[in-house]
1. At 1.4 Å probe size, with the rest of the protein present, what percent of the exposed accessible area of the chain is carbon and sulfur atoms?
2. Quick one: which residues, 5+ away or cross-chain, put their amide H under 5 Å from the amide H of Trp2? H built at 1.01 Å from N.
3. Any idea of the accessible area per residue across the chain, 1.4 Å probe, to the nearest Å²?
4. Can you classify the chain as rounded, prolate or oblate using the Cα gyration tensor, where a ≥ b ≥ c are the square roots of its eigenvalues, rounded means a/c under 1.5, and otherwise it's prolate if a/b beats b/c and oblate if not?
5. Using protein chains only and a probe of 1.4 angstrom, how many square angstrom of Tyr105 are accessible, to the nearest 10?
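The values are calculated or read from the model by the stated rules, or taken from the named source; none is laboratory data. In this text, all values refer to a predicted model and were calculated from it rather than measured experimentally. Note: areas computed on protein heavy atoms with side chains; ligands, DNA, RNA excluded. Shrake-Rupley method; radii C 1.70, N 1.55, O 1.52, S 1.80 Å.
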Amino acid sequence: AWTGEINGRVFCDVCADGSMGPEDHFLEGAEVAVLCMTKSGEVLNYQAFTNSKGIFTVAETMPESNRWDTCLARPISSVYQYCNLLGDTNFATKFSYSLSSGRSYTVRPFSYQPLKTPMYC
């Protein structure tokens, strides 16, 4: 059997500057969708939510002959009303999954921004 894992983080980009800074924080409960196409052409759809450190994880064990080939990860929603506008730095990440069994792929962080940027930014 083959096991694959995809993980990443979601954060609130408080100053909407496109990068993680000291004023930013990770979002718990953010929803992320991961779509993977297997070597046999089957499309698998996963849904994940971030933990208290803003980390989401998707993992699957399957026969080596049917393992993931390409995947797409994208943020779906933030549960925080003060920080729920999707950041424009990274709407989705598409990647080839060529890792051996038990290895994980980490996607670039996804961000949300507040409706209004604070004055201190």
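1. For the chain, the apolar C and S fraction of the accessible surface comes to 51 percent.
2. Residues meeting the criterion, in which the H sits 1.01 Å from N, are Met62, Glu64.
3. Heavy-atom accessible area per residue stands at 55 Å².
4. Verdict is prolate for the chain.
5. Its heavy atoms expose roughly 70 Å² to the probe.
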